[in-house]
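As structure tokens, the structure follows; a few thoughts come after it.
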Amino acid sequence: MLFNSSIFALFFALFFPIYLIVRRNVFRRNILLTIASYAFYGWWDARFLILVAISTSVDYMAALGASGKPVRSLDRLKSGAYLAAVTAASLVFAPLRNLWLALLVVAGILAATVWMKLIDHAAPERRPRLWLYLSLCTNLGILAFFKYCNFFVASFAALFALFGIKIDSPTLSIILPVGLSFYTFQALSRTIDSYRGQFEPKYSIVNYAAYHAFFPQLVAGPIERARHLMPQFEAVRSLDARMFYSGTLLFLWGLYQKIVIADNVAPIADAVFSAPAAKASAATLAALLAFTLQIYCDFCGYSNMARGLARCLGFDLIVNFNLPYFSRTPSEFWRRWHISLSSWLRDYLYISLGGNRKGQTRMYGNLMITMLLGGLWHGAAWNFVIWGGWHGAIQVLYRVLRIDSLIERWPLRTARGVALQVGAWAVTLTLVVLGWVFFVAHTTSDTLAIFGNLFGGSGYPAHELWTVAEYATPLALVEIYQRGTGKVEVLNSGPFLVRYTAALTVLLTIIAFGARGGREFIYFDF
Amino acid sequence: LTSEDIATAAHLHVRGRAPQRARTALLRVLKILVLSTFTLLYAETFVRLLSPQSVVPRYVVGAPWGVRGNMPNARYWHHTPEVDVEYRINSEGLRADRDYPFLKPKGTCRIAVFGDSFTMGYELDIHDTFTTRLEQLLRERGWRADVLNFSVSGFGTAEMLRTYEAYARKFDPDVVMFSWHYSDVDDNVRSGLYRLHAGTLENANPTYLPGGKAQNYLLRSRLYRFVADNSQLYTLLRDRAVVFTKQMLVNLRQESHAPNIAAEADDAGGRDEDEEVRAAQKQANLDLSSAVVARAAQVVTMDGRDFYLIEIPTRISRIKFRSSVDVLSASVRANINIISPLAAFENAAQPDLKLYYELGHGHFTPAAAQLLAQEAVETLARSAHLSACASPLR
């Protein structure tokens, strides 16, 4: 179900009045949120609700165990019953041939039971670690199978082929469940935080299920941290007209980014990147700039819509994008782009690898590993790994040359300082834009063709460039205002009449210029 | 203080607060009024400046035979960047300056034309429409013929057939022409009047009146008609709502006329299979339209009348056009008479000649209507039926 679809409008119109009735009772509210979230997700494919439920039931117990709390028989029973109920419900909506999923769940329950027996027989001090392993194996296992299985098999076959060994690599017909990378990472973070003592999980599977499947952010984030969002599911949330209005405006701004900007410039990018060979320079440049704008507005738009919806329900989600194209260094870019993922990678991967605590060389290595895996998170293909590598390499280069600290020292009060800062911004933006070539090109030949067309062609004036500029300019002006004033939510700041007129303008722009057809969000594929 | 004092004080307090409450309420109402006026004025200005709309109100109401029809005796204007056109609907719901009696005058041949906004003559003065030009050309060739225009904007083949069966038959036409435009595929699914069951066409819903009652009610209001005739904001909102509703209806009706495809979609899942499912749905929609066209031809022919399908070509560019009838099944195309202006359009096409309007709603220009009428006359001249019914003018 897309936020920008009529079916979602109908879904929310039915859901919201019931929500208002039950919202003052935590238990009932969370039951409703869980059911609504599962309906939202199941609309796409009911079979994969089982994966959400597996992740929920395992991590409910794993977080308790990893925190050192006892995982009672009752909790195990609750987890098992929850998984069985969701499995049965999802199979009702899936054809009979998918019964194998039920068998898979039974096998999974048996495996988990054996594992839990092992935990029960282990020494008490080892148990938290074993619970953590259960969560890691389950979530990363689901991710590895559904997202990376074919990629690994094909890559191994290609590797052996380099040495002249031919292996038949059978590719499985595996569908990538929407939002898998998001909710598995969110589940993992809660269990890891519990293990590290940074979060104390509670004994309520209903609260946790509602948190885990919260529909505004289930399929494309932000990847929330339990210590920020989980307490909100354990208390009655205040909600008034002002909050609802503010959430609606935030949703509206996200919708504008998505259907006015991202979806309107997308055809310019598609026209070139679907077959990049032998395209003119102007068209390639326009396509690259269009994609730069598209991917930002598509994902940032989704995040804003998710935050707006959550606010309409009384919940607060973290800011996921903070004007990333205004960054002056690649490191700053990653502190502003997909903040929930980059902070996840920093906290659970980079720091776990040793971070910058084990010398400069190791730090550069850790940075590269983090960025390579971050790239791989985006998709099971080498182009994403290369894209991650590109960002890792430029960050390492900036650190080796100490450019980050140099830029921090340039004062903004002098003309020279301003010029240097603007120069640093222009260089970073260029590097980021060039990086999108690796992201969008799926083969090496496509990558080479795009770079070749970009720098080797002729004739730059192009109608498409003007079209991209038409969509980019209003956004750039708004973001300059945001950057200057520090007000991230532009529609929620200023006097009433200004806010109202701005919101009305955005609404009319959506109606008049919004692309039709309900294009899917790019990050759904991740 | 006695209890009486307290009661008096409370009474005075309440009396004092009542006017204050009334004032607050009045202020609130005033604020809402001011804000609403500001919103409407601002929105209208925004649309006029940044997204100017062609104002094309549709005076379409529910007809007694269960589908839409032109509002009898309506008179309205369309304003686009290219034309300003007046529409006059007669008391029988036809775009014409006169009424036609059910009883056909002796020696006169009647041609009934069914179609959507193209044959209705949107963006064309009545003297430039296909039907008027056809009548003129026939008369110039010496045939006494009346061309009755039963077209209604938004019609698909299914609605044309219902109108023919329930209403137009009374006018006793000798020749019946249905137009065919690529949008008819979706229109036929959306109307839900027919469905295919195991390859056989069945009647489905008895009526198709989208917003019928509301539209009938609204069109009686002078204020509504003023807004519909003049507001670009209203036009924009209505157009977006129509697109949205049309797509919703296609999706819903798809389920009823091709349920197996939906089941297969559930079975397959995933995005790779979506393409195949969409292709299968498209084919099912085309099959439905082919069957409805075949049914129309059969019904008209069984009434002893000639049936023709008028092709409305799809515009690719000013000089390039595509056939729209080639989506119909080969067997249907082989068994019906098709009047196609495609070749005439391609021959006439020039970079400085518009055959379709380009800034308004993309309908025929007078040149295109004339070419289509010429093509139709050439075909009708070969019709034995027409020769038998019409007496050459002296």
Quote to one decimal, in nm, the extra length available between residue A:404 and residue A:480 on full extension: 0.36 nm per residue of separation minus the C-alpha distance between them. 25.2 nm
So what is the relative contact order of chain B, in percent, for Cα pairs below 8 Å that sit 6 or more residues apart? 20
With Cα coordinates, the longest principal axis of chain A makes an angle with the long axis of helix A:241-255, in degrees rounded to 10, of 60
Starting from segment B:87-171, pick out the chymotrypsin sites (Phe, Trp or Tyr not before Pro) whose DSSP state is loop and whose Cβ has at most 14 other Cβ atoms within 10 Å. B:102
List the trypsin sites (Lys or Arg not before Pro) within segment A:111-143 that fall in a DSSP loop (any state other than H, G, I, E or B) and whose Cβ has at most 13 other Cβ atoms within 10 Å. none
Note on segment A:190-269: C-alpha Rg/Rh, Kirkwood Rh, two decimals, gives 1.11
Radius of gyration and Dmax for the protein assembly as shown's Cα atoms, expressed in Å? 33.4, 114
FRET E, pair residue A:110, residue A:25, Förster distance 22 Å, beta-carbon r, rounded to 0.05: 0.05
Cα-based helix-to-principal-axis angle, B:3-50 vs chain B, degrees rounded to 10: 30
For chain A, what is the largest minus smallest coordinate of the Cα atoms on each principal axis, given in angstrom and ordered from greatest to least? 69, 68, 50
Can you give the relative contact order of segment A:277-362 as a percent, counting alpha carbon pairs under 8 Å and 6+ residues apart? 15
Quick check: convex hull over the Cα atoms of segment B:80-223, volume per residue in Å³, rounded to an integer? 151
Pairs of alpha carbons in segment A:421-474 whose separation is greater than 18 Å (percent): 54
Once the Cα gyration tensor of segment A:201-316 is diagonalised, what are the square roots of 5 times its eigenvalues, in whole Å and ordered largest first, as equivalent ellipsoid semi-axes? 38, 16, 8
Please give, to one decimal in nm, the separation of the simple spin-label points placed at residue B:278 and residue B:331, each 7 Å out from Cα toward the Cβ. 2.9
Give me the number: length gained by fully extending residue B:347 to residue B:39, i.e. 0.36 nm times residue separation minus the C-alpha to C-alpha distance, one decimal in nm. 105.8 nm
Over segment A:304-416: Kirkwood hydrodynamic radius from C-alpha pairwise inverse distances, Å: 15.6
Using every alpha carbon pair in segment A:15-153, what percent of pairs falls into each 5 Å bin from 0 up to the bin containing the largest distance? 2, 9, 16, 19, 18, 16, 11, 7, 2, 1, 0
With a Förster distance of 45 angstrom and the Cβ-Cβ distance between residue B:17 and residue A:271, calculated FRET efficiency to the nearest 0.05 equals 0.10
Sticking with the crude label model, points 7 Å out along Cα→Cβ, report the distance from residue A:278 to residue A:73 in nm, one decimal please. 7.4
Are there chymotrypsin sites (Phe, Trp or Tyr not before Pro) in segment A:16-74 that DSSP puts in a loop and that have at most 15 other Cβ atoms within 10 Å, and which ones? A:43
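Roughly how compact is segment B:47-100, stated as its Cα Rg over 2.2 N^0.38 Å to two decimals?
Compactness ratio reported: 1.38.
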Once the Cα gyration tensor of segment A:254-335 is diagonalised, semi-axes √(5λ) in Å: 29, 17, 8
Report, largest value first, the span of the C-alpha coordinates of segment A:460-506 along each principal axis, in whole Å. 43, 22, 10
In vacuo Debye sum over C-alpha of segment B:160-242, base-10 log of normalised intensity I(q)/I(0) at q = 0.13, 0.18, 0.21, 0.25 Å⁻¹, listed in q order, is -0.68, -1.05, -1.13, -1.21
Determine the per residue accessible area of segment A:369-422 with all protein chains present and a 1.4 angstrom probe, expressed in square angstrom. 54
Report, to the nearest 10°, how far helix B:157-166 tilts away from the longest principal axis of the Cα atoms in chain B, using its own Cα long axis and a range of 0 to 90°. 80
Please compute the length gained on full extension between residue A:228 and residue A:373, using 0.36 nm multiplied by the number of residues separating them and subtracting their Cα-Cα distance. 49.7 nm
Can you give me the three principal axis dimensions of segment B:324-394 from its C-alpha atoms, in Å, biggest first? 43, 40, 22
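What is the mean number of Cβ atoms from other protein chains located within 10 Å of the Cβ atom of each residue in peptide A:503-512, rounded to a whole number?
On the way: counts 0, 5, 4, 0, 3, 10, 3, 1, 10, 11.
Average per residue, whole number: 5.
If you take all C-alpha pairs in chain B, what percent of them are over 26 Å apart?
Tail of the P(r) past 26 Å holds 60 percent of the pairs.
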Indicate, rounded to the nearest 5 percent, the antiparallel portion of the DSSP beta bridges found entirely in chain B. 50
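Relative contact order of segment A:325-463, please, whole-number percent, based on alpha carbon pairs below 8 angstrom and at least 6 residues apart.
Computed over segment A:325-463, the figure is 27 percent.
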Value of Rg/Rh across segment B:1-126 [Cα atoms, Kirkwood radius]: 1.43
Write down the percent of antiparallel bridges among all DSSP beta bridges whose residues are both part of the protein assembly as shown, to the nearest 5. 50
Over the C-alpha atoms of segment A:38-108, what are the Rg and the largest Cα-to-Cα span, Dmax, in Å? 13.1, 41
Computed FRET efficiency, Cβ-Cβ of residue A:418 and residue A:362, R0 35 Å: what is it to the nearest 0.05? 0.45
Kirkwood-based Rg over Rh for segment A:136-290 (C-alpha set), two decimals? 1.10
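Sort largest first and round to whole Å: the equivalent ellipsoid semi-axes of segment B:172-219, each the square root of five times a Cα gyration tensor eigenvalue. Present the calculation step by step, with values, prior to reporting the outcome.
Values: eigenvalues 107, 69, 32 Å².
Equivalent-ellipsoid dimensions as semi-axes: 23, 19, 13 Å.
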Mind telling me which of B:79, B:11, B:127 comes out most flexible in a GNM of chain B, alpha-carbon contacts under 10 Å? B:11
Give the share of C-alpha pairs in each 10 angstrom bin for segment A:359-474, from 0 to the last occupied bin, in whole percents, shortest bins first. 12, 29, 33, 23, 3, 0
Size of the dipole of the protein assembly as shown about the Cα centre, Lys and Arg at +1 and Asp and Glu at -1 on the beta carbon, nothing else charged, in debye to 20? 3040
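The values are calculated or read from the model by the stated rules, or taken from the named source; none is laboratory data. Bear in mind that the values here come from a model prediction, so they are computed numbers and not experimental data. Neighbour counts run over all protein chains shown; Cβ positions are idealised from the backbone, glycine included. Please note that ligands, DNA and RNA were not included when accessible areas were found on the heavy atoms of the full protein model with its side chains. Shrake-Rupley method; radii C 1.70, N 1.55, O 1.52, S 1.80 Å.
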